[in-house]
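The values are calculated or read from the model by the stated rules, or taken from the named source; none is laboratory data. Predicted model, so just to flag it, every value in this text is computed and none were measured. Using ideal geometry, Cβ is built from the backbone for each residue, glycine included, and neighbour counts are taken over all protein chains shown. Only protein heavy atoms, including side chains, enter the accessible area calculation; ligands, DNA and RNA are left aside. Shrake-Rupley method; radii C 1.70, N 1.55, O 1.52, S 1.80 Å.
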Amino acid sequence: MRMLKLLFSLALLSTLLSAADRPKDPSQIVPRSNDKIFVVERENSALAVIENNLFKGEIKGMHNFNHAVVKFRGNDGYVITRDGYVIKFDPIKEKKLKEYKTSKSAIGFIVGDNYVAVANYDNKTVEILDRDLNPVQTIKTGSRNVGIKEYKDYLVFACMDSDEIWVLQDEHADKSKPWFVLYKKIEKAGEVPFDAMIDKNLYVVGFFNSKTVGVLDLDTMKYKKVPLKMGKKERILKVPHFGFWSISGDYFFIPAVGNKKVFVFDHHFKLVKSIEVEGNPVFTALSPDKKWLAVTFSGKKFPVVQIVDAKRLKVVRRLEFPGMILHLRWSPNHPYLYFSINDKDMVQAYKVADPDPKKWWLNLEWQIPRPSGIFIFEKKKSH
């Protein structure tokens, strides 16, 4: 029986591979991964669920998913929607649990040990909820708020309209219920902050209209502006995104705004290199082993992904897809790189086990309506 199941699995897998991309050596066929993947269906107000390389179903009724983001903390799942809802769901049972509307428009959030903090656009507030989405605190900023991160008992975010960075501190850090107060405000940080990343104690923020990147040391609260060598800004169709995935042990990888470059800095924020890429970058996603950087683009280059050798800092592979790539995600435990091809209603997975990126190949494909964000859940063991 076990042999029959194995043969059936291999037969099913082979049907999903196109003839051109099918490996000649049968030993190259990848066994099923146990990745549990949640894919945002941008137009459907639903989360698609893929597990063990099979489509399982959908979690429906999730409001405006135009810019939806999913995060996990322990075995809890949370979603923020463009129309200001925070939704808690069970990623194990694939069930929606609760929702709370924080504003008319939200853009980012963070899930702490005992709170959920939502950075709002329209309402110009940061809302603090408990982990069960009960409201705790409203912090008025007078600005659209972006790049929200946590560090120790601090909550950090940037104010897009006032060009400020706010650092809040939890006065109740040793208690079950949080309460944040303003600890530090960086004024004139840069023109129109739009996103941020954090690495240990360094909060790094990007700007639309300043040819700099801002770096705030959260241990000393010292702030500096690092200049970027930018050319003439081109029209931006999709905002670049920062994130944990753009940080290696050696470098920060920062997509340029309106320029065909990825900036590489060391951890002292000295410029190492500007990598010339094919289009205006959106995502710079680093592989779990820190060897490869996948770069996506906007505009005419939406269907293109370039792979950069993260050690040699050079482009080594170009992939072109049948439609617009809105998101991608490296598997944390398996040799897969997942892509959402929005206008073709599909998610594809490439096998990326070979040390030569030119030998990576299309391995799996799922039909998902208007996919965008791809998020992988790893179940935590209960103690």
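Scanning the range 37-92 for residues that are over 24 Å from Gln348 (Cβ atoms) and open to solvent by less than 10 Å² (accessible area, probe 1.4 Å) gives Tyr78, Ile80, Thr81, Gly84, Val86, Ile87, Phe89. Is it fair to say Phe339 is within 23 Å of Ile80 (Cβ to Cβ) and touching a residue at least 40 places away in the same chain (Cβ under 8 Å)? Taking the combined requirement at face value, the residue does not satisfy it.
How many residues are among the charged types (D, E, K, R) and either in contact with a helix residue (DSSP H, G or I) (Cβ under 9 Å, 6 or more places away or on another chain) or at pLDDT 90 or above (or both) when one looks only at the range 232-257?
Looking only at the range 232-257, we keep the residues that are among the charged types (D, E, K, R), and these are 232-235, 238, 250.
Those left that are additionally either in contact with a helix residue (DSSP H, G or I) (Cβ under 9 Å, 6 or more places away or on another chain) or at pLDDT 90 or above (or both): 234-235, 238, 250.
Looking only at that region, the number is 4.
Considering only residues in the range 202-231 that are part of a loop (DSSP other than H, G, I, E, B) and at pLDDT 95 or above, the one that is least open to solvent (accessible area, probe 1.4 Å) turns out to be Leu218.
Kindly indicate the residue of the range 282-307 that is touching a residue at least 12 places away in the same chain (Cβ under 8 Å), outside any strand (DSSP E or B) and not polar (S, T, N, Q) and also surrounded by the fewest Cβ atoms within 10 Å (Cβ to Cβ) among those meeting that condition. Spell out the reasoning first.
From the range 282-307, those touching a residue at least 12 places away in the same chain (Cβ under 8 Å) are 282-288, 290-307; that's our starting set.
This time we only want the ones that are outside any strand (DSSP E or B), so: 287-288, 290-291, 298-303.
Okay, now just the ones that are also not polar (S, T, N, Q), so 288, 290-291, 299-303.
Numbers: Pro288: 13, Lys290: 14, Lys291: 15, Gly299: 14, Lys300: 11, Lys301: 22, Phe302: 21, Pro303: 17.
Restricting to residues being touching a residue at least 12 places away in the same chain (Cβ under 8 Å), outside any strand (DSSP E or B) and not polar (S, T, N, Q), the top hit is Lys300.
If you go through the range 330-360 and keep only what is open to solvent by 20 Å² or more (accessible area, probe 1.4 Å) and part of a strand (DSSP E or B), you end up with Trp330, Met346, Tyr350, Lys351. Just one of (1) of a type in the set (D, E, K, R); (2) part of a strand (DSSP E or B); (3) out of contact with any Leu (no Cβ under 7 Å at 6 or more places or on another chain) fails for Glu365. It is (3). When Lys177, Lys188, Lys184 are screened for being assigned to a strand (DSSP E or B) and either among the charged types (D, E, K, R) or at positive phi (or both), only Lys184 passes.
So that you can scan it fast, the table gives a plain yes or no per residue for (1) over 25 Å from Ile247 (Cα atoms); (2) not hydrophobic (A, V, I, L, M, F, W, C):
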{"residue": "Lys300", "(1), (2)": "yes, yes"}
{"residue": "Ala310", "(1), (2)": "no, no"}
{"residue": "Phe339", "(1), (2)": "no, no"}
{"residue": "Ala349", "(1), (2)": "no, no"}
{"residue": "Lys358", "(1), (2)": "no, yes"}
{"residue": "Asn363", "(1), (2)": "yes, yes"}
